[in-house]
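First the structure, in the form of structure tokens, and then the observations on it.
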Amino acid sequence: MDNLQELLHGFTIAVTVPHLVLMAIGVLLGILVGVLPGLGAPNGVSLLLPLTFGMQPVSAIILLSSMYWGALFGGSVTSILFNIPGEPSSVATTFDGYPMARDGRPTTALATAFGSAAFGALVGVILITFLASWVAQVALAFGPPEYFAVYFLAFASFVGMGGAAPIKTVVALAIGFAIAAIGIDTVSGSVRLTMGIDELVKGVNFVVAVMGLFGIGELLVAVEEEFHARAVSSKIDWGEVFRAVARLPRHGVALLRSAAIGCWMGITPGGPTAASFMSYGIARRFSRRGRYFGTGEVEGIISPETADHAAGTSALLPMLSLGIPGSATAAVMMGGLMIWGLNPGPMLFVDQKDFVWGLIASMYVGNIVAVALVLLTVPVFAALMRIPFVVIAPLIVIICVVGAYSVSNSYLDVVMMLGFGIVGYLFKKLFYPLAPLVLAIVIGDKAEDAFRQSMLMSKGSLGIFFANGLVTSLVIAGIALLLLPLALQLTRPWRKPAPPTAETTSQEKVII
Amino acid sequence: MISRRALELATAILTGSFGVAVVVSSLDNGIGWSSAGVDAGTFPFLTGLVIVVGSLYNLVRGVLPAATLASVPIAITPTELRRLAGLFVPAAIFVAAIPLLGMYLASALYVFAVLAIPRHQSVPRALAMAAATALALYVVFERMFQVTLPHGALAAALGF
């Protein structure tokens, strides 16, 4: 109850006219950086930081966190409309969002994504409000073995899915791991797999790979078939925005499950990316319409989006309560906290009550402001789909090129991006799954580091993964998720001796 | 015309050679267990092996006439190949031109060429779109977010 009173006090700080205006500005700027590839929340927040030096800390953090919300929402826009995920965490949104938009329902796809994202964020904030102190303890219990177990769980829930040719999945996954290993090895400090190219020391950035694999790759697949060369004729339909949001409660189970996964992955520092992939994988396995996933299913949009935002929101908690930034954006914000004269950490909740609860209250209000603004922009973004393909194609190429370049001001990245485009096209054409590849690129090196650190701690014994209840249950859940579909696949030939070819090909089409 | 089999073979060879490169390169980092724990090269080495073995399997599967392959013998028809080239070749030229012309000039020329040469748009409209693209890039990246895009050797030679 104490918390509730503090929260009400927080609302009196957050809901004032100047703060609401700051929120609107922050959200709009955030949407802009989120939509533009190559720029992301970290860029936006660090550019705004100098402007906040003269402000009250509470106003400053409201502006910055609103920008963060806006960027989270904006990142989904390009994923859905052009298959170019601006942020790692919105990759999973492309799997069903893009097919739906291409089918002529961009408004539905965008509104569904934003609606479920807002729900996820709300659950995350509620969690922060009531469980702040407990959650901080869970995060502290996490060492390298637990990290590895969480990543293992994310892989297991996603990779074990049937569908794609198993060996092609394994090859795609292994290539992802190898790409993640390129550059400086964080455990030993040695340089790996640069193949004599000095510039590769910095590694292959995820954005570069994804822009090529998804953006350029999809463009090549689309241009090949005349059908896609036409523009999608979508009416600007305000009613559909609200109808799509009103339909969300029908998918209550998916919403709640995804929010739970998101919060769990946000607190345990698995992060929004792992959360959205895991949520998508689990939804695909347990949904009644799971085999239609990848063709524009509503739940295929709801699941990753809800989990992404639930995780993104609850990830702010470790920053506030422990002083551990969960993401690049949180790290920049933490720099801000110190500049404003505040010390992030457990004492913040005691010393700076106004600041902490003002911020938490602003998360509620800021999310409502963000979802309202972003829903208003849906028809504008949906109208982009009406631009003829011949015009949009070169623009997408330019967006990918500029995005790849601006990641680290490197021309090599642009060339690699184009190379990834060819790989993406070949993989798509031959039904190699792209999702395990991308997942491995994003969290492969973190998983490897966690594993090797665990091995150092245990002097080479695998027993460390069964050392306490937390890590044991995580590992066992991961193994179960991994073996379940394998067992199902093994028993299938006995039940159905000769699957007809037509089914195999239709199955193949569903594979991402 | 490119057959599905040829495409499967090419892809398997591509992934396989990447695997070989990973294996060879990771041997430099050392594999196995040392005083510093698991050596840096161990994981890349293992993933490289997995890639090589998996690619060999896909290669064999691609050569053997399997039931699923027989249903789609042709992967890319000549018309499709022409469309692919129509998109990819200008894009590749655009990327190749960036170091010389800079991002702004190259992207403007790229937009103009792609729209005006196949007569998708009239020349004035294509010109306007090309100019708008370059201007939008400049305003958003260079001005608003202070991200410098390459200006190119040509601009440097002219003293910009």
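No lab work stands behind these numbers, since they all come straight from the coordinates. Because the structure is predicted, anything quoted here is derived from the model rather than measured. Methodologically, a virtual Cβ is constructed for each residue, glycine included, from the backbone with ideal geometry; neighbour enumeration extends over all protein chains shown.
Report, in whole Å, the centroid distance computed from the Cα atoms of segment A:52-99 and segment A:108-122.
Each part's Cα centre sits 12 Å from the other's.
Would you kindly derive the ³J(HN,Hα) couplings of segment A:420-428 from the backbone phi angles with the Karplus curve 6.51 cos²θ - 1.76 cosθ + 1.60 (θ = phi - 60°), listing them in order in whole Hz, with x for Gly and Pro?
Values per residue, Gly and Pro as x: 4, x, 5, 4, x, 5, 4, 4, 5 Hz.
Along segment B:118-131, what does the Karplus equation 6.51 cos²θ - 1.76 cosθ + 1.60 (θ = phi - 60°) give for ³J(HN,Hα), rounded to whole Hz, x for Gly and Pro?
Per residue, the Karplus-derived 3J(HN,Hα) values read x, 6, 6, 9, 6, 4, x, 5, 4, 4, 4, 5, 4, 5 Hz.
Taking N as the number of residues in chain A, what is its Cα Rg relative to 2.2 N^0.38 Å?
0.95
For B:31-38, what's the mean count of beta carbons from other chains sitting within 10 Å of each residue's beta carbon?
4
At a 10 angstrom cut-off on C-beta neighbours, averaged per residue, how do the peptides B:107-116, A:7-16, A:59-68 rank from highest to lowest?
Per-residue mean Cβ counts within 10 Å order the peptides as A:59-68, B:107-116, A:7-16.
Tell me the mean residue ellipticity at 222 nm calculated for chain A from its helices only (DSSP H runs of n ≥ 4, each -39500 (n - 2.57), averaged over every residue, nearest 500).
Estimated from H runs of four or more residues: -24000 deg cm²/dmol.
Using the Cα centre of chain A as the reference point, and only Cβ charges (+1 on K/R, -1 on D/E), how large is the resulting charge dipole? Debye, rounded to the nearest 20.
It comes to approximately 1280 debye.
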